[in-house]
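I have placed the structure first, in the form of structure tokens, so that the comments after it can refer back to it.
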Amino acid sequence: MGFMKFFHNNMEFDIPQSVYEPREDSLLLLESVKEIKGKKVLEVGCGSGIISIILAKQNDVTAVDINEEAVEATKKNAEMNNVHLKCFQSDLFSDISDTFDIILFNPPYLPAEEEDLTYSGGADGRQVIEKFIPQCRNYLKNDGEIYLLISSLTGKEEVMKLFRKNNFSAEIIKKEKISWEELIVICAHPDKI
């Protein structure tokens, strides 16, 4: 199985072919959260672990992914970069029992015909997001935050509506235009009940 190397801020990451490689979306989400310190953080869909590993230098991080090879890559990359974090396989929150200050997710968000949800978000791009948002409340502390990356192709209004429907206040905190789409980072907080 082939690997590619990825370098970021004097850190080195091995990315297996079967694992989503860090791209503009990963780096935009990282840019949005890199100042977080002293928090209990969960990254859903950690991929190669770049965001979790950088955050684990100053936070208590748990990283999960549905892809077993992503979990192995994250563990290996954490070790290579002398970082400690918890990392295990989980389909969204299926194996999570804790609550967190911060939950991050760079989900499959591109609309696609085929049913391979590894990188596709289903026909409208929101199939995985529609499962993720309603479950978040159970794993987020009352004053917690969710950081979700989507694309303009995912349907920004529909995702914002989904947050509102699930009693979250959400705002767009970062955007980046790339060739055929705009990447968008949404930060959401639970409404006070």
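A short reminder: the numbers here are calculations on the coordinates, not readings from a lab. Keep in mind that what you see is a predicted model, and the values were worked out from it rather than measured. Note that we place each Cβ from the backbone using ideal geometry, even for glycine, and neighbour counts take in every protein chain shown.
For the stretch 3-143, what percent of Cα pairs sit more than 21 Å apart? Before the final figure, lay out each step's value.
Details: 3810 of 9870 pairs.
That fraction is 39 percent.
Hey, what's the per residue convex hull volume over the C-alpha atoms of the stretch 14-71, in cubic angstrom?
Spread over its residues, the Cα hull of the stretch 14-71 gives 70 Å³ apiece.
When we measure straight from the Cα of Lys175, which lysines land under 18 angstrom away, once same-chain ones fewer than 8 places off are left out?
Lys34, Lys156
Among bridges DSSP assigns within the stretch 3-143, what percent are antiparallel (round to 5)?
30 percent
Within the chain, which is the longest segment containing none of the GluC sites (Glu not before Pro) that sit in a DSSP loop and have at most 15 other Cβ atoms within 10 Å? Could the numbers behind the result be given before it?
On the way: sites that count: Glu35, Glu113, Glu114, Glu115.
Value returned for the longest uninterrupted segment is 116-193.
When we measure straight from the Cα of Lys40, which lysines land under 24 angstrom away, once same-chain ones fewer than 8 places off are left out?
By straight Cα distance, Lys40 reaches Lys57, Lys75, Lys76, Lys86, Lys131, Lys141, Lys174, Lys192.
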